[in-house]
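The values are calculated or read from the model by the stated rules, or taken from the named source; none is laboratory data. Since we're looking at a predicted model, the values are computed, not measured. As a convention, Cβ positions derive from the backbone with ideal geometry for all residues, glycine included, and neighbour counts pool all protein chains shown.
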Amino acid sequence: MSEIRNPDAPQCSGGIRMTRERVCADNKRIILNSRTVDVNQLVPIKYKWAWHYYLDACANHWMPTEVSMQRDIEQWKNPNAFTPDERHVIKRNLGFFSTAETLVGNNIVLSIYKLVDNPECRQYLLRQAFEEAIHVHTFQYIVESLSLDETEIFNMYRENQAIYEKDEFSMSCTDGILDEQVDLTTSKGLQKFVDNLAAFYVVTEGIFFYSGFVTLLSFGRQNRLPGTCEQIQYILRDESIHMNFGIQLINAIIEENPHCWTPEFAAYLVGRIKRAVELEVNYAQECLPRGVLGLNVQLLREYVQYIADRRLEKLRLPRQYNSGNPFPWMSEVIDLKKEKNFFETRVTEYQTGGALEW
Ligand SMILES: [Fe+2]
Ligand SMILES: [Fe+2]
């Protein structure tokens, strides 16, 4: 077979050529591998962290239909089981998640997978894309089980201002990658890609999901909507791995391409995360205009600021808020190694505790 592609040309699908040169792990890079090594060989593995995230994710496999919704259905049908404000906040969060999970899956497939061409990272991305499909399935299953108005829930991201603004923040970054030929050999192109990764892994999955997690899990703590909350617990567990993988990916790209990490770009990312916190507080205001279950906008603001600082620190950026954590119980939900089964409905646990940092 003759050489079918110029080995120096950027390529994400991995054109091959006959050769006796074997892949050396040291030559692998997160992006632009086509310039140095074959992109189709998982082994030898260089980025062991990516492979271990993949193994952790597989060890956590679950499906929404394994979880009984019987008690949720009985409670939801009972006109006295929830106040109008409680029904409002539950539906708002289901509305947000039902489409946000799709946006995350689309961004993996349409932008990240094309640009990250390291095989061990791609192995994790394939697993994550499947998990996002499971999460989309979860919200379809909950909406169908509770006989909610599916058009109301699934259209909410275009009809509700606070949800629209969060989704617009994320989607504009997917569009930015799709619209242009991003040249990852330039600092500008790399910054555009890191902005996309931060918008999804740090903001969407690491900040925008968290008011919803706190609110829905607060019902679970009172044994209300136990099936829904069990599924949210599994999604939270998955999402904490997604976010940790994404932050490690960003940091690895920056280490390999330090010229893109300028003071201006670092300040830009801090500004983006601060804007995301504002959008999340607006969303909390929309969901909880009067507060429910002891939750209110002020507590959610503190919590969102607290987790934003944690994300900033992991990106080696300065903390902005120094807020305390008003919901320490959330750490216990995430740390399933310590608290195997938060709602005592099913025994599952991580097999690798090292992945549990969040
Ligand atoms: Fe997800
Ligand atoms: Fe995710």
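Check the stretch 75-89 and report whether any residue there is closer than 18 Å to Gln231 by Cα, within 16 Å of ligand 1 (Cβ to nearest atom) and not hydroxyl-bearing (Ser, Thr, Tyr).
No - not one qualifying residue is present in the stretch 75-89.
Quick check on my filter: what residues within the stretch 217-248 are more than 16 Å from ligand 2 (Cβ to nearest atom) and either assigned to a helix (DSSP H, G or I) or of a type in the set (S, T, N, Q) (or both)? I'd like the intermediate steps shown before the answer.
Taking the stretch 217-248 first, the residues more than 16 Å from ligand 2 (Cβ to nearest atom) are 217-230.
Within the stretch 217-248, Leu217, Ser218, Phe219, Gly220, Gln222, Asn223, Pro226, Gly227, Thr228, Cys229, Glu230 qualify.
Tell me, which residue of the stretch 62-75 that is within 23 Å of the chain's Cα centre (by Cα) and not in a helix (DSSP H, G or I) is surrounded by the most Cβ atoms within 10 Å (Cβ to Cβ)?
As a first pass, look at the stretch 62-75 and keep what is within 23 Å of the chain's Cα centre (by Cα): 62-67.
Now narrow it down to the ones that are not in a helix (DSSP H, G or I): 62-63, 67.
On the way: Trp62: 19, Met63: 12, Val67: 22.
In this case the residue turns out to be Val67.
Which of (1) within 18 Å of the chain's Cα centre (by Cα); (2) closer than 20 Å to Ala129 by Cα; (3) more than 16 Å from ligand 2 (Cβ to nearest atom) does Val214 not meet, given it meets every other one?
Single failed check for Val214: (2).
To keep it simple, each residue is scored yes or no on (1) in contact (Cβ under 8 Å) with a residue 40 or more places away in the chain; (2) outside the structural domain of Tyr321 (by TED's automatic domain parsing); (3) over 21 Å from Met171 (Cβ atoms); (4) surrounded by 17 or more Cβ atoms within 10 Å (Cβ to Cβ).
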position: Ile232; (1), (2), (3), (4): no, no, yes, yes
position: Cys260; (1), (2), (3), (4): yes, no, yes, yes
position: Arg275; (1), (2), (3), (4): yes, no, no, no
position: Leu288; (1), (2), (3), (4): yes, no, yes, yes
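Of these, Gly271, Gly291, which one is among the small types (Gly, Ala, Ser), away from ligand 2 (no atom under 16 Å from the Cβ), at pLDDT below 95 and farther than 27 Å from Lys28 by Cβ? Give the steps one after another, and end with the answer.
Numbers: Gly271 fails: at pLDDT below 95.
The conditions single out Gly291.
Can you tell which of Ala100, Ala59, Ala25 is modelled with pLDDT of 95 or more and among the aliphatic types (A, V, I, L, M)? Talk me through it step by step, then tell me what you get.
Working: Ala59 fails: modelled with pLDDT of 95 or more; Ala25 fails: modelled with pLDDT of 95 or more.
The unique qualifying residue is Ala100.
Can you pull out the residues in the stretch 101-119 that are more than 12 Å from ligand 1 (Cβ to nearest atom), in a helix (DSSP H, G or I) and among the charged types (D, E, K, R)?
Passing the criteria: only Lys114.
If you check Phe245, Phe208, which single one turns out to be within 12 Å of ligand 1 (Cβ to nearest atom), at pLDDT 95 or above and among the aromatic types (Phe, Trp, Tyr)? Talk me through it step by step, then tell me what you get.
Values: Phe245 fails: within 12 Å of ligand 1 (Cβ to nearest atom).
Result of the check over Phe245, Phe208: Phe208.
Identify all residues within the stretch 217-228 that are surrounded by fewer than 24 Cβ atoms within 10 Å (Cβ to Cβ) and either within 11 Å of ligand 1 (Cβ to nearest atom) or within 19 Å of Ser98 (Cβ to Cβ) (or both); write none if there are none.
Initial filter on the stretch 217-228 (surrounded by fewer than 24 Cβ atoms within 10 Å (Cβ to Cβ)): 217-224, 226-227.
Scanning the stretch 217-228 gives Leu217, Phe219, Gly220, Gly227.
For the stretch 164-217, how many residues are among the charged types (D, E, K, R) and in contact with a helix residue (DSSP H, G or I) (Cβ under 7 Å, 6 or more places away or on another chain)? Don't jump to the end; show me each part of the working.
As a first pass, look at the stretch 164-217 and keep what is among the charged types (D, E, K, R): 165-168, 175, 179-180, 183, 188, 192, 195, 205.
Next, from what is left, pick out any that are in contact with a helix residue (DSSP H, G or I) (Cβ under 7 Å, 6 or more places away or on another chain): 165-167, 183, 192, 195, 205.
Of the residues in that region, 7 qualify.
On the basis of being surrounded by fewer than 24 Cβ atoms within 10 Å (Cβ to Cβ) and without any contact (Cβ under 8 Å) to a residue 40 or more places away in the chain, does Gln248 make the cut? Spell out the reasoning first.
Working: surrounded by fewer than 24 Cβ atoms within 10 Å (Cβ to Cβ): yes; without any contact (Cβ under 8 Å) to a residue 40 or more places away in the chain: no.
Considered against the rule, which asks whether it is surrounded by fewer than 24 Cβ atoms within 10 Å (Cβ to Cβ) and without any contact (Cβ under 8 Å) to a residue 40 or more places away in the chain, Gln248 comes out as no.
Out of Glu165, Glu144, Glu132, report the one residue that is more than 16 Å from ligand 1 (Cβ to nearest atom), assigned by TED's automatic domain parsing to the domain that holds Ala267 and without any contact (Cβ under 8 Å) to a residue 60 or more places away in the chain. Can you show your working first?
On the way: Glu165 fails: without any contact (Cβ under 8 Å) to a residue 60 or more places away in the chain; Glu132 fails: more than 16 Å from ligand 1 (Cβ to nearest atom).
Going through Glu165, Glu144, Glu132 in turn, just one is more than 16 Å from ligand 1 (Cβ to nearest atom), assigned by TED's automatic domain parsing to the domain that holds Ala267 and without any contact (Cβ under 8 Å) to a residue 60 or more places away in the chain: Glu144.
Within the stretch 264-281, is even one residue among the acidic types (Asp, Glu), farther than 18 Å from Val104 by Cβ and in contact with a Ser or Thr (Cβ under 7 Å, 6 or more places away or on another chain)? Steps first, answer last, please.
Going through the stretch 264-281, the residues among the acidic types (Asp, Glu) turn out to be 264, 278, 280.
Restricting the remaining residues to those that are farther than 18 Å from Val104 by Cβ gives 264, 278.
From the residues that got through so far, the ones that are in contact with a Ser or Thr (Cβ under 7 Å, 6 or more places away or on another chain) too are none.
Within the stretch 264-281, none of the residues are among the acidic types (Asp, Glu), farther than 18 Å from Val104 by Cβ and in contact with a Ser or Thr (Cβ under 7 Å, 6 or more places away or on another chain).
Out of the residues in the stretch 76-100 meeting the condition of being in a helix (DSSP H, G or I) and without any contact (Cβ under 8 Å) to a residue 60 or more places away in the chain, tell me which one is surrounded by the most Cβ atoms within 10 Å (Cβ to Cβ). Outline the logic, then answer.
Just the residues of the stretch 76-100 that are in a helix (DSSP H, G or I), to begin with: 76-77, 84-100.
After this cut, where a residue has to be without any contact (Cβ under 8 Å) to a residue 60 or more places away in the chain as well, the list is 77, 84, 87, 94, 98.
Working: Lys77: 10, Pro84: 7, Arg87: 14, Leu94: 21, Ser98: 23.
The extreme case among them is Ser98.
Looking at the stretch 172-188, is at least one residue within 16 Å of ligand 1 (Cβ to nearest atom), in contact with a Leu (Cβ under 8 Å, 6 or more places away or on another chain) and assigned to a helix (DSSP H, G or I)? Break it down into steps so the answer makes sense when it comes.
Looking only at the stretch 172-188, we keep the residues that are within 16 Å of ligand 1 (Cβ to nearest atom), and these are 174.
Remaining after also requiring in contact with a Leu (Cβ under 8 Å, 6 or more places away or on another chain): 174.
Now restrict to residues that are assigned to a helix (DSSP H, G or I): 174.
So far as the stretch 172-188 goes, yes, one or more of its residues are within 16 Å of ligand 1 (Cβ to nearest atom), in contact with a Leu (Cβ under 8 Å, 6 or more places away or on another chain) and assigned to a helix (DSSP H, G or I).
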